[in-house]
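Asker: One structure, pasted below without further comment.
The values are calculated or read from the model by the stated rules, or taken from the named source; none is laboratory data. Because the structure is a prediction, the values reported are computed rather than measured. As a convention, Cβ positions derive from the backbone with ideal geometry for all residues, glycine included, and neighbour counts pool all protein chains shown.
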Amino acid sequence: MLRVAPYTAIFGLIVGVGSAFGSGCSSDDDSGASGTGCRTSDDCVHWECVCGDGTTPSAGGCIFNRCAEASELCGGMCEKSGGLVGTHEKPSVKDAPECDAFCAKIASLGCRDEPRCDRYFWCGLDSDECADKKRAHLKCEVETGDWQCTETGGWSMSSSCPSATCASDAGSD
């Protein structure tokens, strides 16, 4: 599995929408909750949107130094997907020691254009992932991954670590 830093790869709505809102001056309040201060979308809660057709795009946004509300981000993303049905914070292990270690590994590379570690992207849980397996996956990548700086100044990592995917319920009820 090859993973490239989100700032050097196309990876979907998280950066596509989150970065579109730009970054601004710093604020004293960087807690990440909707309506609070932010510098970039990485400082804000990332929302998982539930659309009428069952798709679940996610995004975080910093708009004029204020974290975007879920409705600001999700309404437009679900407009052509059956409308917005609901929202919730994207599940993650962003505060786990394994995520801390992953982000520290990125910083330790010292790449020329070292990107910040987007914890919601790297440590967020996809709909088929479990928290315990995600933490084990991150730990494996830190300990055994092949990490390097790229020619463009970012970083990349490849590993053969087991996925964070959970066993699904076969629906035998």
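Asker: Taking P97 as the residue in question, decide whether it is over 13 Å from the mean Cα position of the chain (by Cα) and modelled with pLDDT of 90 or more.
Answerer: On the way: over 13 Å from the mean Cα position of the chain (by Cα): yes; modelled with pLDDT of 90 or more: yes.
Yes.
Asker: Can you list the strands (runs of 3 or more DSSP E) found entirely within the range 63-173 that contain at least 2 residues being among the aliphatic types (A, V, I, L, M) and in the same structural domain as W47 (by TED's automatic domain parsing)?
Answerer: Details: elements: 84-89, 146-149, 155-158.
The qualifying strands (runs of 3 or more DSSP E) are 84-89.
Asker: Ok, one more. Can you tell me which residue within the range 53-89, out of those that are of a type in the set (D, E, K, R) and modelled with pLDDT of 90 or more, is surrounded by the most Cβ atoms within 10 Å (Cβ to Cβ)?
Answerer: Narrowing the range 53-89 to residues of a type in the set (D, E, K, R): 53, 66, 69, 72, 79-80, 89.
Subset that is modelled with pLDDT of 90 or more: 53, 66, 69, 79-80, 89.
Working: D53: 11, R66: 19, E69: 17, E79: 11, K80: 9, E89: 17.
For the range 53-89, the residue satisfying everything is R66.
Asker: Return the pairs, sorted by first residue and then second, in which the second residue is at pLDDT 80 or above and aromatic (F, W, Y), the first residue lies in the range 26-46 and is closer than 12 Å to F121 by Cα and part of a loop (DSSP other than H, G, I, E, B), the beta carbons are less than 6 Å apart, and the residues are 6+ apart or on different chains.
Answerer: Partner pairs satisfying both residue conditions: H46/Y120.
Asker: Pick out the one residue from E72, E79 that is touching a Gly at 6+ places or on another chain (Cβ under 8 Å), over 30 Å from V142 (Cα atoms) and among the acidic types (D, E). Before you say what the answer is, go through the steps one by one.
Answerer: Details: E79 fails: touching a Gly at 6+ places or on another chain (Cβ under 8 Å).
That would be E72, the only listed residue that is touching a Gly at 6+ places or on another chain (Cβ under 8 Å), over 30 Å from V142 (Cα atoms) and among the acidic types (D, E).
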